[in-house]
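Q: The structure under discussion is supplied below as structure tokens; questions concerning it will follow.
Nothing in this text is a laboratory measurement; each read-out follows from the coordinates by a stated rule. Given the structure is predicted, the values throughout are model-derived calculations rather than measurements. Cβ coordinates were reconstructed from backbone atoms using ideal geometry, including for glycine residues, and neighbour counts include every protein chain displayed.
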């Protein structure tokens, strides 16, 4: 009986390890899924040279030439009816709340994923989100907005692991920000449209030290999947249920093994 219980426990542990490994592979994009919309973390990778248009003055710039401090990247498109506005709203809110100083401690680069977007529209939209920051005086030059052709967009989105798909006039995409170090190394991903000031501060501090860190909300990422049809995140019931079953099965088997040991110990002492 003891051998049977031990074997069952071993099977559960091995199955759990395989599940964890599968999640880890998905997280770091070890298994390529080029057609699947989402965020594929390229932690530790270095950004390539990518030339785009700076919306501020319509000048052509190399993204790497802009990075001289920790830099937060975000991807949007100007006519987005879904995630882009909440993402930009969450970004402007955390910029306002954090005690890190935009332009000194870090900068933000927002890139349009739509090659048809014009710099003039981006300039106007940026002003709206900068003006939404009421309690801090920030310079528009420290929140850089870029546009570019499809080749440049593909190059920078691939480098940062941002997979999206055109759907008519719209784009199906996930929501996240990526933090890059002064040496152009990807150091952190923060998923969603709402960001805690502590999370952003830690990401900026670690990027300044060239320190790569795993995603803080990886549990949430594991529990939720992006639905490109509804353009929102939904709970992955199958994944969560399977994990809970494995956990409870392991606890039950451990209890059975140690329970039998205690019973035997007390029985032999009588």
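Q: Where does each of 196, 91 land when they are ranked from fewest to most other beta-carbon atoms within 10 angstrom?
A: Ranked by crowding around the Cβ, least crowded first: 196, 91.
Q: Is any residue of segment 136-178 close enough, with backbone N under 15 Å, to a label point placed 7 angstrom from the Cα of residue 60 along the Cα-Cβ axis, and if so, which?
A: Under 15 Å, as judged by backbone N against the label point of residue 60, lie 147-153 of segment 136-178.
Q: Specify the inter-centroid distance of segment 121-199 and segment 90-107, based on alpha-carbon positions, in whole Å.
A: Distance between centres, Cα-based: 14 Å.
Q: Just need log10 I(q)/I(0) for segment 29-186 at q = 0.16, 0.19 Å⁻¹, Debye formula, equal scatterers on the alpha-carbon atoms, no solvent, rounded to two decimals.
A: Ignoring solvent entirely, the Cα scatterers give -0.89, -1.30.
Q: What is the fewest-to-most order of 180, 212, 94 by other Cβ atoms lying within 10 Å of their Cβ? Write out the running numbers ahead of the final one.
A: Details: 180 26, 212 16, 94 21.
Listing 180, 212, 94 from fewest to most nearby Cβ atoms yields 212, 94, 180.
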